[in-house]
Amino acid sequence: MIRVCDDGECLARAGSQTFRWKQTGLLQYTGTLGPHLISLKHHQNGDVYYQIHHSPSQSAAQSALLDFLNVNISLTEMCHEFSAADSRFAELAQHLKGARVLRQDPLECLIQFLCSSNNNIARITKMVDFVSSLGDYLGNVEGFEFHAFPSLEKLALVTEQQLREAGFGYRAKYVTGTVDALQLKPEGGVKWLESLRKLELQMVIDSLCTLPGVGLKVASCIALFSLDQHHAIPVDTHVWRIATTYLVPELAGASLTPKLCGRVADAFVSKYGKYAGWAQTLLFIAELPSQKALLPSPTVKEKKSSKKRGSKAQRGRRFVDGTALGLTGSEESEK
């Protein structure tokens, strides 16, 4: 294995970003990036190593990996800025190293989040695995077979009925409908998606929401995880609870509406700036049972304050595999 970085920053702890990476060993995850089959392993000394199992070009595989991991963005510097703006974040940062937001292929990210709508991790993974199997076979690692994500043209060959038979349910029509809509784009669906990286966030959200099955939450996820919209805030019941507990406690007890989603997003951006989506990711992770065990017990005062502010807020639970790689999704997903 070759070292990709020496500070642990390259590892994406955040869950619910991608469902295509498999745990193939202790602190090792394997996945595909285009035609490249790659494993990432986090060593105990903090170094992160990668191994290329299959690729037409070693240099292209390395470039794809570094791009996927957003390594040009310093997570350390970002956390320093967040800590200066928020004392609670500063406290959490002492115990959690942070969460790196991935830069995924837009088409791959879009299809995955269409599958995630009102779904659970087991079913999402099964659906995403089915879609992945339509792509070119790249190899086997520790008993797992890996395929390149299928092209838009290959996706267009799949019928709604085939997806329903594969367990997609009502989401089948959204997948086929979105594929059809992308194929009608004059410049091509893939180029259209990539072009959204150059637009303002609201224009990105509005554009994505023209696709079948894409609402505000899913559009925000795609924007954050694949379209360079680092201040996008996907708001669900879990993020809503965090926001009403720590950022906008006056909204606790209110029903989550699109308008209030906007207020929550604005509150995150006001507090954390242009990388608010990254801050939200760490704050979300800090609320997970698996991560709370790493944090010191709150004081009685903090407990009372949290209880008072969040008593009426909706509560939910997600799960992130307790490894630093965290390239899996949530146990309960309400996207």
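The values are calculated or read from the model by the stated rules, or taken from the named source; none is laboratory data. On a predicted model such as this, the values are computed, not experimentally measured, just so you know. Counting neighbours? That spans all protein chains shown, and the Cβs are built from the backbone with ideal geometry, glycine included. Areas reflect the complete protein model, heavy atoms only, side chains present, ligands, DNA and RNA absent. Shrake-Rupley method; radii C 1.70, N 1.55, O 1.52, S 1.80 Å.
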In the range 208-224, the residues that are touching a Leu at 6+ places or on another chain (Cβ under 6 Å) and either modelled with pLDDT under 95 or open to solvent by 10 Å² or more (accessible area, probe 1.4 Å) (or both): Gly213, Val214
Which members of the range 224-259 meet the condition of being over 27 Å from Leu193 (Cα atoms) and of a type in the set (Phe, Trp, Tyr)? Trp240, Tyr246
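Quick check on Thr237: is it in contact (Cβ under 8 Å) with a residue 60 or more places away in the chain, over 19 Å from Leu96 (Cβ atoms) and among the polar types (S, T, N, Q)?
In short, yes.
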Give the number of residues within the range 145-170 that are among the acidic types (Asp, Glu) and closer than 26 Å to Tyr29 by Cα. 1
Go through the range 55-83 residue by residue and tally those that are open to solvent by 20 Å² or more (accessible area, probe 1.4 Å), touching an Asp or Glu at 6+ places or on another chain (Cβ under 9 Å) and not in a loop (DSSP other than H, G, I, E, B). 2
Residues in the range 235-268 that are touching a helix residue (DSSP H, G or I) at 6+ places or on another chain (Cβ under 7 Å), of a type in the set (Gly, Ala, Ser) and either surrounded by 19 or more Cβ atoms within 10 Å (Cβ to Cβ) or under 21 Å from Arg88 (Cβ atoms) (or both): how many? 3
So Ala232 fits all but one of (1) surrounded by fewer than 22 Cβ atoms within 10 Å (Cβ to Cβ); (2) small (Gly, Ala, Ser); (3) more than 20 Å from Thr178 (Cα to Cα); what number is the exception? (1)
Which residue out of Ser116, Ser151, Ser87, Ser133 is open to solvent by less than 70 Å² (accessible area, probe 1.4 Å) and modelled with pLDDT under 95? Ser116
I'm trying to understand the selection: among the residues of the range 135-144, which are more than 18 Å from Val175 (Cα to Cα), touching a Phe, Trp or Tyr at 6+ places or on another chain (Cβ under 9 Å) and touching a residue at least 12 places away in the same chain (Cβ under 8 Å)? Leu138, Gly139
Assigned to a helix (DSSP H, G or I), small (Gly, Ala, Ser) and over 20 Å from the mean Cα position of the chain (by Cα): is that true of Ala219 in this structure? no
For the range 161-195, which residues satisfy the criterion of being more than 15 Å from Ser151 (Cα to Cα), touching an Asp or Glu at 6+ places or on another chain (Cβ under 9 Å) and either open to solvent by less than 40 Å² (accessible area, probe 1.4 Å) or of a type in the set (S, T, N, Q) (or both)? Phe168, Ala172, Gly177, Ser195
